[in-house]
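Take a look at the structure set out below.
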Amino acid sequence: MMFAPGDLLVILPELLVITAACLVLGLDPVTPPSRKDGLAWLSLGTLAICMGLTASQMSTPASAFGGIVIVDAYACFWKLLLYFVTGLTVLLSCSYLKEERLYFGEYYGFVLLALSGMMVMVSAADLLTIYLGTELMSLSLYVMAGLKRAEPRSLEASAKYFVLGAFSSGILLYGISLLYGATGSTRLPAIAAAIGGRGLDDPLLLFATILLAVGFGFKLAVVPFHMWTPDVYQGAPTSVTAFMAVASKAASFGAFLRVFVEGLGGLKANWTEIFLVLCVVTLILGNIVALVQTNIKRMLAYSSIAHAGYALIGVVAAGVAGGSTGARNGIAGVMLYLALYAFMTFGAFSIVAMLRKGGLEGEEIEDFTGLATRHPLAALLMLVFMVSLAGIPPTAGFIGKFYVFMAAVEAGLTWLAVLALVFAAISAYYYLRIVMVMYMREPGELTATSPRLVPSPALSIVLACAVAGVVLFGIYPNPIVNLATHAVLTLK
Amino acid sequence: MTHALPWLTLLIVIPLAGTLAVFLAKETQARLIALAATIVNLLVSLPLWWLFDASSTGMQFVEQAVWVSAPPIRYHLGLDGISLPLVLMTTALLPLCVLISWKAITTRVRSFMAMLLIMESAMIGVFAALDFVLFYVFWEAMLIPMYLLIGVWGGPNRLYAAIKFFLYTLAGSVLLLVAIIVLYFQGGHTFDILELSRGTYSHSLQMWLFLAFFAAFAVKVPMFPFHTWLPDAHVEAPTAGSVILASVLLKMGGYGFVRLSLPMLPDASKTFTPLMVALSIVAIIYGAYMALAQADLKKLIAYSSVSHMGFVTLGLFMFNQQGIEGAVMQMVNHGITTGALFLCVGAIYERTHSRMIADNVGLTKPMPRYATLLVIFALSSLGLPGTNSFVGEFLVLAGTFLWSKLATAAASLGVILAAAYILWMVQRVAFGVPSPQHLPKLKDLDQREMATLVPLVVLIFWIGLFPNPLLSRMHASVTTVIARVTPASTTVSATMSAQPHPVPASADPASLAPAGEPSQP
Amino acid sequence: MVHVSYYLILSAVVFLTGVVGVLIRRNIIAILLSVELMLNATNINFVAFSQHLQDLGGQVFVFFALTVAAAEVAVGLAIIIALHRAKNTINVEEFNLLKW
């Protein structure tokens, strides 16, 4: 393998993000607390440049370092989504960290490091790079989850995340090692070629597939590998939770699809069954358990578990449909679902972060009581996000569900679409509970006396972006649909 | 035919613009802006009545644009003789809803008016949509505003009623979405309602799809076993909410049956006719019977709605000119009459703060104008000849008579029961002896309230005495629907000839020819 | 020449020991050590397969896996120390502020 300088150009966005991360870490000690916002601006500037670079790479697929990194339209799609979400995270953190009295400049460094890990994940074509990307992302997130050092809850979340994350990485790595033994390579195209049409003749291959499915199951937070999610989402600082719930899930799906579609496409008959079971139990458990939550971050955690279930419908549909356009539609459905899910989930967490004010935690559903009178605009935005999460038109959530259900019906999985829609109707109950509390109850004593909610300019931008995405893509989804269909992977 | 103006888009956009204006304006101006928006919308919709070409069987005022390129979802709007009256009814009722809420709504007026306006757009969208996904989007978009209307501005038990309404209708419509997607793949990869209506589907598929459609539409109508959300929602909703619910929302169920179920699934519709007729007759009698037992005015009207909507579904599944025209008439009439009755209840509730019949007796003396109007609306509701409801119910019963005499007799029982509960209610509310403690509160209707109610009186007598302008406009469209349903059962092979318009459409209804002018009361 | 299947059995035993350890141990340090066992089982696999397949890729993977494991331990221990300071315990059963 020869090292070509041109390869560095291919991974220029990654290099830029890592450089910026190091710069932020280095500048942090010499920056006075009052000027920490400058680090956020540095991060945002980097993201803007990367966005331009990645957009220009979209039409010209390239690979580097002997094919362990691929920058194709698929990778660029996820990267653009990740930049966008990271940008929102940085903006959200600007005001949230002050409210929490967390003056860590390193915070932005960790955000950028996690982002670089995610970028590696989605453009990796080798299990080694995927593993490294996953770990880079996870290690940064473990630390970010525990940033509220003074608060045992945050540390506990961090510890739980770490233990289960490391555990799942171990399982993933073991699966990778078995796959390497069975196929003789860690390169995805080589693995696909080795598997070819031979199917599951090798027990190693069977174990490898199962272990990889379990390992990714943890990262995607699908039932029964979801148990870390509610604790971590609840305990972590809200800005970090939003970042995890959206960006880490998107990147994990990106890598997951790449491995199972491009690497293990030959075994689709086998993994489809696994994911069908996971999808059904995820839909059922995620939605049912969300019904009884009293903490909104916990409820959103279960909601995000359920949404992973909806996205898996697209994966299952792709597997069942096989090599036809049906498979493309299924995968495009997953990509679209996660992209649209990003807007509404991030928006919902931003409102939760906004409610963190003075003595009010803003994390119990009760804290939303009478929000419509205290801050009508925030209540309206939360209403839009909840409606979208419930998948009711004309919002982005409906479009996302529509496309995965289309793929499911096209693949002949009509019963799965019916089941998922029934649970979507059930999910409306817990989303509407928030609406009910906001609009149909008068503020209680605690919430009535709490300080006035005034969103900072940065937070306003975040909310505006999120709500614009939810509403505009709900009304006119064409651009993002075309982008997803253009960037989709081909399942052979 | 093409029209220069995008009429239907205007009708959908004006209320949305009004919503925006309401949000930007001050709280005190919200009422005026909402009233202006609804009246402008009414004025824009009125020319459609005259521009409409009654002889054409196709869609008119058609607008098309690509909405989503893959899969092909289009922004496709159009009206025919079935949807035109419903759209006009909607635009006519909304200003009245704003007027009746003028004083009744005191909290969060802006949001209330915004919700009314969003509802108006969505309702017009449902009636005008010719793309199935577009239809579904408008259909579902109504849920949240209605949920808020009931839940925020409703009565004491509003939370329960709101969530019950929401979950019932949402649960009903999720299956509709799957059915739409299945139809897309079975019907030639299109969401166009007109194209889907021309396709032929296997009988077993039709049965499943019919059940899925049924789940959505029967909950909305509401048909007999699915009606339990209606009394709760009506009782708790604010007056304007009740009016919208009874007058327009319920019609969407009937409209769904006639626009979608009958033309797309003719064989299944035939198969399910006995069940549908049975459920309709049960609804007619059960609704009327329950209405007899109510002490709450709103509940009484709610159950009478169940009964009246039973006539709609009964007429629709007769598959003859009288039945379907009668059903569409009945939809419009029920919208006007029941809307008027709810407005009356709202007016009296503002005074006595009670909807109980026992608290509102003997209003003739203190409120003569009110009592007069109430009696007119009540008589219209029981279907007195000369009023609008008579035309619709008579046509439905005439259509039923062609199908089964027994069913006609059973349905007629509902008319008799209606006379009983309506007259019993009128007797007490209008002619009893008022309780002294309520007397000082009983001021007669002011000008605003008269302006709300009198237009409906005009409509009641106009349709009751001259139904022909309305009937003639829906005639061609109804013929198209029947042509779609009838040949499919008599000659299955006719569908194999793959003609978009089966020949029997013009030849077959010779026996129905007298239906052209069926009713001159 | 030892056949590759012996290595596989060894690594499977080590891996399962690690998995069971994570699931039943209550001391977070012991859990961390069990995770390390899992990672080392992986390394045995990679080296064995690398030898078996005559392919260097597996050995390269081991270098990366070891490095990542070291980083993981560093982060993990830092979190455990912070947690110990806050709660004076490293028993996972007493981490009960959040429902499991």
Next on the checklist: At a cut-off of 20 Å², which residues of region B:166-193 become less accessible once all protein chains are present than in their chain alone, using a 1.4 Å probe?
Outcome noted: B:166, B:167, B:170, B:174, B:175, B:177, B:178, B:181, B:182, B:185
Item to check | Residue-level accessible surface for residue B:75, protein heavy atoms, 1.4 Å, Å² | outcome: 60 Å²
Item to check | Residues in region C:35-52 that a label on residue C:60 would reach, taking backbone N under 20 Å of a point 7 Å out along Cα→Cβ | outcome: C:42-52
Checklist entry - Where in region A:177-198 does accessible area fall by at least 10 Å² between the isolated chain and the complete protein assembly, at a 1.4 Å probe radius? => result A:177, A:178, A:180, A:181, A:184, A:186
Checklist entry - Accessible area of residue B:486, 1.4 Å probe, to the nearest 10 Å²? => result 30 Å²
Checklist outcome for this item: Given unit charges at Cβ for Lys, Arg (+) and Asp, Glu (-), the dipole magnitude of the protein assembly as shown about its Cα centre in debye, nearest 20, is 1740 debye
Checklist entry - Given only helices, namely DSSP H runs of n ≥ 4 each adding -39500 (n - 2.57), what is the per-residue ellipticity at 222 nm of chain C, to the nearest 500 deg cm²/dmol? => result -28000 deg cm²/dmol
Checklist entry - Protein chains only, probe 1.4 Å: how do B:111, B:380 rank by accessible area, largest first? => result B:111, B:380
Checklist outcome for this item: Dividing the helical contributions, -39500 (n - 2.57) per DSSP H run of n ≥ 4, by the residues of chain B yields a 222 nm value, nearest 500 deg cm²/dmol, of -23500 deg cm²/dmol
Item to check | Using a Förster distance of 51 Å, the FRET efficiency for residue B:419-residue B:13 (Cβ separation, nearest 0.05) | outcome: 0.70
Item to check | Selection from C:79, A:247, B:318, by position along the positive dipole direction of the protein assembly as shown (Cβ) | outcome: B:318
Checklist outcome for this item: Per the rule of 0.36 nm per residue minus the C-alpha distance, extending residue B:106 to residue B:404 adds in nm 102.1 nm
Checklist entry - If you take the beta carbon distance between residue A:490 and residue A:273 as r and set R0 to 22 Å, what does 1/(1 + (r/R0)^6) give as a FRET efficiency, to the nearest 0.05? => result 0.50
Item to check | Cut-off under 5 Å, modelled amide H: who pairs with residue A:62 long-range | outcome: A:71, A:72
Item to check | Where C meets A: accessible area buried, both sides, 1.4 Å probe, Å² | outcome: 3600 Å²
Checklist outcome for this item: If amide H atoms are modeled at 1.01 Å from N in the peptide plane, then the residues at a separation of 5 or more from residue B:67, or on another chain, having amide H under 5 Å from its own are B:73, B:74, B:75
Checklist entry - Does anyone have the angle between helix A:478-487 and the longest principal axis of chain A? Alpha-carbon axes, 0 to 90°, nearest 10? => result 30 degrees
Item to check | 18 Å reach of a label modelled at residue B:365, 7 Å along Cα-to-Cβ, counting backbone N of region B:434-469 | outcome: B:434-445
Checklist entry - Once phi is turned into ³J(HN,Hα) by the Karplus curve 6.51 cos²θ - 1.76 cosθ + 1.60 with θ = phi - 60°, what whole-Hz value does each residue of region B:387-403 show in order, with x for glycine and proline? => result 9, 4, 4, 4, 4, x, 5, 4, 4, 4, 5, 5, x, 5, 4, 5, 9
Checklist outcome for this item: Of B:365, B:26, A:249, ordered by accessible area with the largest first and a 1.4 Å probe, the sequence is B:365, B:26, A:249
Checklist outcome for this item: Here, residue C:27 and residue A:9, labelled 7 Å along Cα→Cβ, have an inter-label distance in nm of 5.7 nm
Checklist entry - Near the amide H of residue A:125, under 5 Å away, which other amide H atoms are found, from residues 5 or more places off or on another chain, if H is placed in the peptide plane? => result A:69, A:70
Next on the checklist: Rounded to the nearest percent, how much of the accessible area of region B:354-474 (1.4 Å probe, protein heavy atoms only) is carbon and sulfur?
Outcome noted: 75 percent
Checklist entry - Given a 1.4 Å probe, how much area per residue of region B:401-453 is accessible, in Å²? => result 56 Å²
Next on the checklist: Leaving out ligands, DNA and RNA, and with a 1.4 Å probe, what % of the accessible surface on region B:175-306 is carbon or sulfur?
Outcome noted: 65 percent
Checklist entry - So what does residue A:273 come to for accessible area, using a 1.4 Å probe and Å² rounded to 10? => result 130 Å²
Item to check | Simple label model, 7 Å out from Cα along Cβ direction - residue B:468 to residue B:50, nm | outcome: 2.0 nm
Checklist entry - Which of A:370, A:185, B:228 sits farthest toward the positive end of the charge dipole of the protein assembly as shown, with +1 on the Cβ of Lys and Arg and -1 on the Cβ of Asp and Glu? => result A:370
Item to check | Residue-normalised accessible area of chain A, expressed per residue, 1.4 Å probe, Å² | outcome: 28 Å²
Checklist entry - Considering only protein heavy atoms and a 1.4 Å probe, what is the carbon-and-sulfur percentage of the accessible area of chain C? => result 68 percent
Item to check | Principal-axis tilt of helix B:447-465 within chain B, Cα atoms, nearest 10 degrees | outcome: 40 degrees
Checklist outcome for this item: accessible surface per residue for region B:131-267, probe 1.4 Å, DNA/RNA/ligands not counted, whole Å² -> 21 Å²
Checklist entry - Taking the alpha-carbon centroid of each part, what is the distance from region B:320-354 to region A:49-123 in angstrom? => result 58 Å
Checklist outcome for this item: Checked against the positive end of the charge dipole of the protein assembly as shown (+1 on Cβ of Lys and Arg, -1 on Cβ of Asp and Glu, about the Cα centre), the farthest of B:286, A:66, A:159 is B:286
Next on the checklist: With the crude spin-label approximation of a point 7 Å out along Cα→Cβ, what separation in nm comes out for residue C:2 versus residue B:358?
Outcome noted: 9.2 nm
Checklist outcome for this item: A correct Karplus calculation of ³J(HN,Hα) over region B:379-386, with 6.51 cos²θ - 1.76 cosθ + 1.60, θ = phi - 60°, whole Hz and x for Gly and Pro, returns 5, 4, 5, 8, x, 5, x, x
Item to check | Accessible area in the full protein assembly, largest first, 1.4 Å probe, for A:324, B:280 | outcome: A:324, B:280
Checklist outcome for this item: Measuring from its Cα centre, chain A shows a charge dipole (+1 at each Lys and Arg Cβ, -1 at each Asp and Glu Cβ) which, in debye to the nearest 20, is 360 debye
Checklist outcome for this item: Measuring from its Cα centre, chain C shows a charge dipole (+1 at each Lys and Arg Cβ, -1 at each Asp and Glu Cβ) which, in debye to the nearest 20, is 340 debye
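The values are calculated or read from the model by the stated rules, or taken from the named source; none is laboratory data. What you are looking at is a predicted structure, and each value in this text was computed from that prediction instead of being measured. Every residue, glycine as well, gets a Cβ built from its backbone with ideal geometry; the counts of neighbours run over all protein chains shown. To get the accessible areas, we keep the full protein, side chains included, count just its heavy atoms, and leave off ligands, DNA and RNA. Shrake-Rupley method; radii C 1.70, N 1.55, O 1.52, S 1.80 Å.
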